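Please see the structure below; I have some questions.
The values are calculated or read from the model by the stated rules, or taken from the named source; none is laboratory data. Predicted, not measured: the structure shown is a model, and the values here were computed from it. Note that each Cβ is placed from the backbone with ideal geometry, even for glycine, and that neighbours are counted across all protein chains shown. Just so you know, the surface numbers come from the protein's heavy atoms only, side chains and all, with ligands and any DNA or RNA stripped out. Shrake-Rupley method; radii C 1.70, N 1.55, O 1.52, S 1.80 Å.
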Amino acid sequence: MSIQNVQQALTNLVKLHETLLEISQEKTEVIKEGKVDKLQAILVKERKRVRELEKAETVRIQAVDAYVQEHPSITGASITSLLEYIEMEKDRADLEASAISLTEAITKLKQQEELNRALISQSMQFVQLSLDLMNPSLKNMNYGEGKPASSAAKRSVFDSKA
């Protein structure tokens, strides 16, 4: 197996992560708008891309393992290990650029998903606050805690002594 197979697997991973980043950005806009039905559709699309990503990662692992088996001098099955042993400068530069692109795409995706998580958390807090305001608890309904009723409240409206 050649290093081009590893390079191709990395390139595919970069494309899939960039697609997920676009979906995540689209999800951010839908969260801001508060459209749950659109969010559900986006989540379905996102799940499909994640499955594709898992398959592509499996292909990358297989490509790296096959390359490492062909070159017993390589001590680890990581991209960093491969970079140390690649002799052709062009292949090394291409693989390094792909690894950097993949790392950047993953970092951007992680940041975008963190933003989405924060937005959803704030939305949930707002919903909880709204529900609390609409359905006040019994403790909030009582004005005083454990205060005895005033003498005026104990007196009957009808005065029987008169």
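Would you mind listing the helices (runs of 4 or more DSSP H) fully within the stretch 1-86 where at least 1 residues are surrounded by 13 or more Cβ atoms within 10 Å (Cβ to Cβ), among the small types (Gly, Ala, Ser) and modelled with pLDDT of 90 or more?
3-33, 36-70
Condition first: assigned to a helix (DSSP H, G or I) and free of Cβ contacts under 8 Å to residues at least 24 places away in the same chain. Now tell me which residues in the stretch 87-96 satisfy that.
Within the stretch 87-96, GLU89, LYS90, ARG92, ALA93, GLU96 qualify.
Which members of the stretch 115-130 meet the condition of being under 16 Å from the mean Cα position of the chain (by Cα) and surrounded by 11 or more Cβ atoms within 10 Å (Cβ to Cβ)?
LEU115, ASN116, ARG117, ALA118, LEU119, ILE120, GLN122, SER123, listed by residue number.
Six or more apart or on different chains, Cβ under 8 Å: which pairs go from a residue in the stretch 97-122 that's under 15 Å from VAL30 (Cβ atoms) and part of a helix (DSSP H, G or I) to one that's open to solvent by less than 50 Å² (accessible area, probe 1.4 Å) and not aliphatic (A, V, I, L, M)? Could you list them?
GLN112/SER24; GLN112/THR28; GLU113/SER24; LEU115/THR28; ASN116/SER24; ASN116/LYS27; ASN116/THR28; LEU119/THR28
Is it true that some residue in the stretch 42-53 is over 24 Å from GLN122 (Cβ atoms) and in contact (Cβ under 8 Å) with a residue 40 or more places away in the chain?
yes
What residue, among those in the stretch 87-111 that are out of contact with any Leu (no Cβ under 6 Å at 6 or more places or on another chain) and of a type in the set (S, T, N, Q), is least open to solvent (accessible area, probe 1.4 Å)?
SER101
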